[in-house]
Amino acid sequence: MSIIGIILGVTAIGLFFWLKNDQKITKGELQTAKHAYSSLMEEFTNYQIDNERKIAKFEKDMEIRFKSRDRQMDAANKRMDQMNKSLPSIIGQVVGQIELAQDTINRQM
């Protein structure tokens, strides 16, 4: 039983050293990893900046469109107000012409 314990202990110690050796990173690999991470950070920063610019441009374009639409709506509202103000006089003229025509028709009969 003690022989099995000794064998398992030696095997565990051997595995520990083997894994420790396997996990070592060389200086070249470390520099490559640092370079890759810095490139990734730079690329992500550029991506964020580009997105912020696109969002700002989109907001500016939408603001211009909304202002233009507001101006068009204001002009349409003014025209509607003018039409609403002149509508009673137009209705009066039409009704007057119909009454005049009725009088003319009644006289002819």
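Side notes on the structure shown:
- The condition of being hydrophobic (A, V, I, L, M, F, W, C) and exposed (fewer than 10 other Cβ atoms within 10 Å of the Cβ) holds for only one of 4, 55, 13, that being 4.
- Count of residues meeting criterion [of a type in the set (Lys, Arg) and modelled with pLDDT of 90 or more] in segment 72-89: 0
- The number of residues in segment 22-35 being assigned to a helix (DSSP H, G or I) and loosely packed, with under 10 Cβ neighbours inside 10 Å comes to 3.
The values are calculated or read from the model by the stated rules, or taken from the named source; none is laboratory data. What you see is a predicted model, and the numbers here were worked out from it, not measured in a lab. Reconstructed Cβ throughout: ideal geometry from the backbone, glycine too, with neighbour counts over all protein chains shown.
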